[in-house]
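For reference, the structure discussed in these notes is given below.
The values are calculated or read from the model by the stated rules, or taken from the named source; none is laboratory data. The structure displayed is predicted, hence computed values, not measured ones. Just so you know, the surface numbers come from the protein's heavy atoms only, side chains and all, with ligands and any DNA or RNA stripped out. Shrake-Rupley method; radii C 1.70, N 1.55, O 1.52, S 1.80 Å.
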Amino acid sequence: MRKNQKIFVCVLALLFSLCAVGIGYGLVGDSNLSRWERFVCDFIFIMQFLATMWTVAAVFRTTKKQEKM
């Protein structure tokens, strides 16, 4: 993975994390959500988790060049 791709993945993970935090705080006092609002919230929570896991995998993955060194 190239450097600019790693930066993109990290920024994506950060943005979804911030969205998840904002939604989490917003949902503390409001549980009367419509079906679409719940779908959007669930989508953001799932994407935040996947983006974080993608970031961890991308950062800690070793390439064949690094293994030879």
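Residues being among the aliphatic types (A, V, I, L, M), assigned to a helix (DSSP H, G or I) and farther than 15 Å from D42 by Cα: count how many of those fall in region 1-23.
7
How many residues does region 30-42 contain that are outside any loop (DSSP other than H, G, I, E, B) and open to solvent by 100 Å² or more (accessible area, probe 1.4 Å)?
Final tally of qualifying residues: 4.
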